[in-house]
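Accompanying notes for the structure given below.
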Amino acid sequence: MGLIETVLDHLTVKSVALLVVGFLVVKFLVNRLIEHVRLRRLPGGRARKVPSWAPFGLDLVKGAVESTLAQNNLDYWRNVYFKDGTRWTGEVRVLNQRIVMTADPENIKAILALQFSDFGKGEPFHDEWKDFLGDSIFTTDGPQWHASRQLIRPQFTKDRVSDLECFESHMQTLFRAMDNLGPLDGEHQKVTPGNAHGKVQDISELFFRYTLDVTTEFLLGKDTKSLCSIRNDFADSFNEVQRMQNIIVRASKARRWIPKSSFWNGLDLCNKFINFYIDRVLKLSPAELESHNKGERGYTFVHALAGFTRDPKVLRDQIIAVLLAGRDTTASTLSWTLYELSRTPHAVAKLRQEILSTVGRDRTPTYEHLKNMPYLKAILNEILRLYPSVPFNVRLALKDCTLPTGGGPDGTDPIAVLKNTPIGYSTLVMQRRAELYPPVSDKFADPEVFSPERWSVWHPKPHDYIPFNAGPRICIGQQFALTEMSYVLVRMFQKYDRVESHMGPVDGGKPMLKADIVLSPGQGVKVAFFEAQD
């Protein structure tokens with residue numbers, strides 16, 4: 001004991017600190033050496049190293065968060081991760097974690113399809129998202145993911161997708177809100193028909209309210225009536241949770257230092273709203289539930305799911321995941337569509353001609369009508385090419401493996417990937433790569449330009465265009481989303497024959513890309529509609 005006491009007597013704070021630092025340095029060097037040896041054992045090489053000047057890549061963390069807040073992720077990803085414009089895969093090291101970044105379709109095809117079992121969401125992704133999306137289809141792998149997909153898939157059959165009554169009832173409310181130039185102050189507010197004619201409004205805000213009402217009615221049997229309320233607590237909370245979740249993800253391992261009070265407050269309100277309807281359904285006996293699902297009281301997602309599981313957490317997790325996908329992706333795509341159409345009068349005229357010749361001005365469209373309008377389909381394809389709903393995504397290597405290209409001195413070798421390495425991929429960057437398209441000509445516009453006409457002369461390779469993801473995880477609800485968006489556009493351009501952009505000098509034709517999980521216009525979509533006189 002005397003020797004130990006003597007040593008302890010001579011220890012100082014400085015010497016302890018030096019010992020701790022020394023231990024951490026040795027541990028760091030040993031781990032890097034082990035990583036190097038393991039990588040050398042795999043076929044392939046390393047990807048191009050993304051430059052970083054700060055310790056632990058903290059400059060890259062700072063840049064990622066700042067670019068998200070400034071709504072210029074596309075420029076940041078292009079300039080930092082893919083700086084030379086010829087190597088579309090690079091690797092960074094953040095907080096001693098190797099991360100591979102790619103916008104190469106061959107690598108993305110491997111991740112999503114050809115090597116599906118090698119890559120998944122992974123436990124770190126689940127940890128980042130579990131407070132918001134729980135154990136839903138978007139956060140899990142393996143049997144748990146497969147069970148979620150099997151649970152949800154039957155809710156998006158053709159019979160469900162082709163039932164358009166829900167869309168029409170909310171379209172009438174949307175038209176009234178448009179005439180009001182903003183959300184209504186109560187369901188029974190009086191509005192002058194035709195008041196929207198020639199007046200400027202932000203249609204993006206109304207689209208997010210419309211899709212929230214449609215999706216909550218589809219999921220819960222009761223909508224939030226956000227189109228009929230100037231302030232909607234649920235919508236505001238849902239938006240704030242997404243904003244904070246996006247920052248949390250961008251911060252990577254530094255997320256523990258981000259203040260999250262607004263996240264927790266918003267999530268609590270969202271959970272209370274959803275759980276109210278779940279509790280009401282779970283109070284039904286199995287016989288009552290079966291009677292409801294077979295009866296004529298109308299389909300709801302929560303009642304259908306409760307026929308398969310009575311676990312309130314499973315119901316909550318799947319509902320909030322589908323709510324995120326059903327509301328935000330559809331609203332953002334509709335917003336981008338009006339942004340581009342308002343700047344392209346000839347496309348509006350061509351679309352309206354197709355609508356009137358297929359449906360007429362006064363009839364509501366059927367599912368078959370919507371499926372037989374090629375120019376409408378080309379417009380949506382083009383919007384999803386330029387503005388994919390999920391601009392950036394991540395997978396985790398579930399085992400030691402390789403990616404097919406991007407390694408070695410000239411970038412043509414495979415890339416060695418160790419288990420637990422995150423792979424970030426950007427659909428937004430990939431789908432704007434000029435070299436993946438035919439040369440610009442009279443028949444084929446610059447890939448940076450909105451041009452629905454390109455779809456009559458060009459068809460992308462399977463993994464060069466993946467707005468709904470690809471492989472086994474391809475979006476279950478894509479037909480529902482395309483049907484809803486098509487329905488909204490047909491009904492709008494039956495009523496209006498012209499739409500003008502009033503973004504003015506706000507964006508100069510280069511919109512801010514807001515990437516709070518989904519990609520939406522950062523400054524809204526300010527337009528004026530003109531009612532048809534024919």
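So the values come out like this:
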item	result
Set of lysines with alpha-carbon distance to residue 130 below 20 Å, sequence-local pairs under 8 removed	121, 253, 260, 272, 313
Karplus-derived HN-Hα couplings along region 272-286 (A = 6.51, B = -1.76, C = 1.60, θ = phi - 60°), whole Hz, x at Gly and Pro	4, 5, 5, 5, 4, 6, 5, 4, 5, 5, 6, 6, 6, 6, x
The chain - convex hull of alpha carbons, volume per residue in Å³	191 Å³
Accessible surface, region 279-352, averaged per residue in Å² (probe 1.4 Å)	41 Å²
Region 49-131: C-alpha gyration tensor shape, a/c 1.5 cut-off, then a/b vs b/c	oblate
J(HN,Hα) series, region 423-436, from Karplus relation 6.51 cos²θ - 1.76 cosθ + 1.60, nearest Hz, glycine and proline x	10, x, 10, 10, 5, 4, 5, 4, 6, 10, 6, 4, 6, 8
Qualifying aspartates and glutamates (Cα of each under 12 Å from Cα of residue 225; at least 8 residues distant if same chain)	185, 187, 213, 217, 233
Nearest-10 value in Å² for the accessible area of residue 361, using the 1.4 Å probe	80 Å²
Sites residue 158 and residue 363, calculated FRET efficiency, Cβ-Cβ separation with R0 22 Å, nearest 0.05	0.55
Ellipsoid semi-axes in whole angstrom, largest first, where each is sqrt(5λ) of the Cα gyration tensor of region 267-416	37, 33, 15
Which of 114, 519 is most accessible, then next, and so on - probe 1.4 Å	114, 519
Net lengthening on full extension, residue 53/residue 371 (0.36 nm per residue, minus Cα-Cα)	109.2 nm
In nm, spacing of pseudo-spin labels at residue 146 and residue 34 (7 Å Cα→C-beta vector)	3.1 nm
Order of exposure, largest accessible area first, which applies to 459, 346 with probe 1.4 Å	459, 346
By average C-beta atoms within 10 angstrom, highest first, the peptides 403-409, 68-74	403-409, 68-74
Rounded to whole Hz, the Karplus (6.51, -1.76, 1.60) HN-Hα couplings of region 349-365, x for glycine and proline	4, 5, 5, 5, 4, 5, 4, 5, 6, 8, 10, x, 8, 9, 7, 7, x
Cα point-scatterer Debye curve for region 479-534, base-10 log of I(q)/I(0) at q = 0.25, 0.31 Å⁻¹	-1.01, -1.06
Heavy atoms of residue 512 accessible to a 1.4 Å probe, total area in Å² rounded to 10	60 Å²
Dipole moment magnitude, nearest 20 debye, the chain about Cα centre, only Lys, Arg, Asp, Glu C-beta charged	1120 debye
Area accessible to solvent at residue 412, 1.4 Å probe radius, in Å²	90 Å²
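The values are calculated or read from the model by the stated rules, or taken from the named source; none is laboratory data. Keep in mind it's a predicted model, so treat the numbers as computed, not measured. As a convention, Cβ positions derive from the backbone with ideal geometry for all residues, glycine included, and neighbour counts pool all protein chains shown. Areas reflect the complete protein model, heavy atoms only, side chains present, ligands, DNA and RNA absent. Shrake-Rupley method; radii C 1.70, N 1.55, O 1.52, S 1.80 Å.
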